[in-house]
Amino acid sequence: MKNLFYASAIALVLACGCKKEQAASSITLMAPLPATGTASFATTASTNFAYGADVSWLPQMEAHGYIFKNSSGVQMDCLAILKEKGINAVRLRTWVNPSNDPTSGHCSEAETVAMAVRCKAAGLKVDIDFHFGDTWNSVGSQNPPAAWANMTYAQMLTAMNNYVYHFMNVLKFNKVTADWVQIGNEENLGICGYTGSIAHNPAQMTGLLNVAYNAVKGVSPSSLVIIHLAQPQNLSNIESWFDTYKKNGGKWDICGFSSYAGKTNAPAIAPNFATIQARYGKPVMVVEVGGQETKAADTKSVITTYINFLQNNLPSGTGLGVFYWEPEGYSPFVSYSMGAWDPLTKEPTIALDAFIH
């Protein structure tokens, strides 16, 4: 039944003309679209708080025979176990032309849409995380897709619009409405290398991100668009980034952050979320959090701190959620040591108990 579901989902994607190897520059030209409507947060009360998990590795883990058990030792679908722990939302990264590497590749358009279909069918909200690259883009590295690397700024604007617009239409064709869309991942440096560098070309960075924002809204007006920065403990850097983006006419709906704090410094970082919310008038979401798998109790404390702060110390409806980054990842599939799954028992650690509500 599982294989039949995946086959059906992928068939729907392919029917809409999606191909993993198709570069954005080869998609039929579409004019950039204006944003429609104004994002509203009145309905995003604490009852709609996102208790989330990034599960982008899950399809490849399953394909390589990895299993998951709940806290009682019963083997189950990973998504079902996460829901038992209170998870009601997932985050899925996507790359333009990724390799077939199990941990640093896949997450193509077709694969990501198929996973989004599966997650929506499981009753989970979905956050699509555009990296605008062929592999990892994060706080220390922002490289464009290889197919875009030699483009002029004008050409890159067209490629960005076509890529995002096409992706969002494939989601729509498959009857998936993304609850959130991240236009960039830990984009402290900007996006797409020098062309969209905040240090060297802040106006161009803003132009690229605005094109992505408009493409999302042109297809899916209800999807809330996130700008995602890392290291919220560095408040002055965060404010400088958003001030520059705002000054250049940047568009966004939510301020999103990665925070891999320890339990002793998380309480001091949390108030920065209130400062940022007040300064820009935008809701706040922690889109990445995590800690050492061997220190699960400490990680649970950090997550609890952030959840409680966002729910109780920001204006109603403006603390939107907390996502664990790849809790399902465990060795030897990946050497990453900050998941929330015990590699021996195949059961979740107590870190995930922070999401039970």
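The values are calculated or read from the model by the stated rules, or taken from the named source; none is laboratory data. On a predicted model such as this, the values are computed, not experimentally measured, just so you know. Cβ sites come from the backbone with ideal geometry, for glycine too, and all protein chains shown count toward neighbours.
Only one of the listed residues (I307, I276) is among the hydrophobic types (A, V, I, L, M, F, W, C) and in contact with a Cys (Cβ under 6 Å, 6 or more places away or on another chain). That residue is I276. For the stretch 132-161, residues that are small (G, A, S) and under 17 Å from L189 (Cβ atoms) total 5.
Filtering the stretch 135-144 down to residues that are surrounded by 24 or more Cβ atoms within 10 Å (Cβ to Cβ) and among the polar types (S, T, N, Q), which residue is farthest from R118 (Cα to Cα)? I'd like the intermediate steps shown before the answer.
Within the stretch 135-144, the subset surrounded by 24 or more Cβ atoms within 10 Å (Cβ to Cβ) is 137, 142, 144.
Okay, now just the ones that are also among the polar types (S, T, N, Q), so 137, 142.
Numbers: N137: 25, Q142: 29 Å.
Per the stated criteria, the residue is Q142.
Select, from N185, N162, N143, the only residue that is in contact with a helix residue (DSSP H, G or I) (Cβ under 8 Å, 6 or more places away or on another chain) and closer than 24 Å to S259 by Cα. Break it down stepwise before answering.
Values: N185 fails: in contact with a helix residue (DSSP H, G or I) (Cβ under 8 Å, 6 or more places away or on another chain); N162 fails: closer than 24 Å to S259 by Cα.
Testing whether each residue is in contact with a helix residue (DSSP H, G or I) (Cβ under 8 Å, 6 or more places away or on another chain) and closer than 24 Å to S259 by Cα leaves just N143.
Of all the listed residues (F242, F173, F167), the sole one being surrounded by fewer than 23 Cβ atoms within 10 Å (Cβ to Cβ), touching a residue at least 40 places away in the same chain (Cβ under 8 Å), over 15 Å from V139 (Cβ atoms) and aromatic (F, W, Y) is F173. Please count how many residues of the stretch 129-164 are of a type in the set (F, W, Y) and under 14 Å from T94 (Cα atoms). Total satisfying the criteria: 4.
Just one of the listed residues (A178, A159, A147, A116) is surrounded by 24 or more Cβ atoms within 10 Å (Cβ to Cβ), in contact (Cβ under 8 Å) with a residue 60 or more places away in the chain, out of contact with any strand residue (DSSP E or B) (no Cβ under 9 Å at 6 or more places or on another chain) and not charged (D, E, K, R), namely A159.
Of the residues K282, K300, K295, only one is in contact with a Cys (Cβ under 7 Å, 6 or more places away or on another chain) and among the charged types (D, E, K, R); which?
Values: K300 fails: in contact with a Cys (Cβ under 7 Å, 6 or more places away or on another chain); K295 fails: in contact with a Cys (Cβ under 7 Å, 6 or more places away or on another chain).
Answer to the check: K282.
Checked against the criterion of being under 19 Å from the mean Cα position of the chain (by Cα), assigned to a loop (DSSP other than H, G, I, E, B) and either modelled with pLDDT of 95 or more or farther than 29 Å from H64 by Cα (or both), the candidates Y324, Y336 yield just one match: Y336.
Answer yes or no: is there a residue in the stretch 290-306 that is buried (at least 21 other Cβ atoms within 10 Å of the Cβ) and over 22 Å from T264 (Cβ atoms). So far as the stretch 290-306 goes, no, none of its residues is buried (at least 21 other Cβ atoms within 10 Å of the Cβ) and over 22 Å from T264 (Cβ atoms).
Taking the conditions exactly as written (part of a strand (DSSP E or B) and either over 14 Å from W57 (Cα atoms) or of a type in the set (G, A, S) (or both)), does D127 satisfy them or not? Don't jump to the end; show me each part of the working.
On the way: part of a strand (DSSP E or B): yes; either over 14 Å from W57 (Cα atoms) or of a type in the set (G, A, S) (or both): yes.
Yes, satisfied.
Considering each residue of the stretch 213-265, count those that are among the β-branched types (V, I, T), in a helix (DSSP H, G or I) and within 20 Å of the chain's Cα centre (by Cα), and give that number. Residues that pass the stated criteria total 3.
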